[in-house]
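Here the structure is laid out as structure tokens; the discussion comes afterwards.
The values are calculated or read from the model by the stated rules, or taken from the named source; none is laboratory data. The structure displayed is predicted, hence computed values, not measured ones. For neighbour counting, all protein chains shown are included, and Cβ atoms are generated from backbone atoms with ideal geometry for every residue, glycine included. Surface accessibility is based on the protein's heavy atoms, side chains included, excluding ligands, DNA and RNA. Shrake-Rupley method; radii C 1.70, N 1.55, O 1.52, S 1.80 Å.
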Amino acid sequence: MAEICSNPSCSEPGSRKCGRCKSANYCSQDCQKIHWGAHKGACKANSQSSAPKANCYILRATPQNPDAPVLDNIANQIEPFNLSNLGNEVAEKRQLERHLGWKHSIEAGKFYDHTGSDKWYYYVYGDARAFNTKSGLPANEAAGLICHQKKVYGDIGIVRSGPVGSEYAEEFEKMELVKAVQFYKTNDKDKVFSQREMSRAMRGFGMPGAGFGSSHVHV
């Protein structure tokens, strides 16, 4: 049985959880907005965990420990990098270009996580030369697991994204991303993406209602 909506002026069942802290329940997005002023303090506290989070991570082409097999220790290649204008694709690109020394950037990939979610996905930025075999950039073997092409060169940046109305936390722990990348060592990225897209489409036909959270969408 669903809990009552967390908005004290509403007595409807709160069947949808706050996309950030997962501790408050709402019957509608309107009630979530009305209650935000009272909820935001608890939301921030409940969202905190012992592990640090970031809204973007860099997957380096060169591991911190070059003596270990690259795909056996993907965590060595991933480092946090917080974007100051998350949700603004142009600003995201410019910040990553400055940070990583790219002249231009491109969408290098999209991939779903390892847990079965179909409401959001990881979005990958890469150098405009990321798929150019003559770029002179170092090969990024781990990035080849999750990008549009298997041969990837240079560092890549990874954020979360999804369709308008999808529910997801923009900040996430490094190990969540590590597990997602490792998942594609044994699973075909394109096949998984197609399956999750179909799952989301079929769920949409069932009209379950849109989720809460960011409407951060990359096109």
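Checking the conditions here, which among Ser50, Ser84 is in a loop (DSSP other than H, G, I, E, B), of a type in the set (Ser, Thr, Tyr) and modelled with pLDDT under 90? Give the steps one after another, and end with the answer.
Numbers: Ser84 fails: modelled with pLDDT under 90.
Answer to the selection: Ser50.
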Pair list, Cβ under 7 Å, 6 or more apart: the range 191-219 residue aliphatic (A, V, I, L, M), other residue part of a loop (DSSP other than H, G, I, E, B) and at pLDDT 90 or above
Val192/Tyr112
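Mind telling me which of the residues Asn7, Asn65 ends up being more than 22 Å from the chain's Cα centre (by Cα), within 20 Å of Gln182 (Cα to Cα), modelled with pLDDT under 95 and assigned to a loop (DSSP other than H, G, I, E, B)?
Details: Asn7 fails: within 20 Å of Gln182 (Cα to Cα).
After applying the criteria, what remains is Asn65.
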I'd like to verify a number: residues in the range 13-41 that are of a type in the set (Val, Ile, Thr) and touching a helix residue (DSSP H, G or I) at 6+ places or on another chain (Cβ under 9 Å), how many?
0
Taking the condition of being in contact with a strand residue (DSSP E or B) (Cβ under 8 Å, 6 or more places away or on another chain), open to solvent by less than 30 Å² (accessible area, probe 1.4 Å) and part of a loop (DSSP other than H, G, I, E, B), how many residues in the range 11-42 meet it?
2
How many residues does the range 118-164 contain that are assigned to a loop (DSSP other than H, G, I, E, B) and open to solvent by less than 20 Å² (accessible area, probe 1.4 Å)?
9
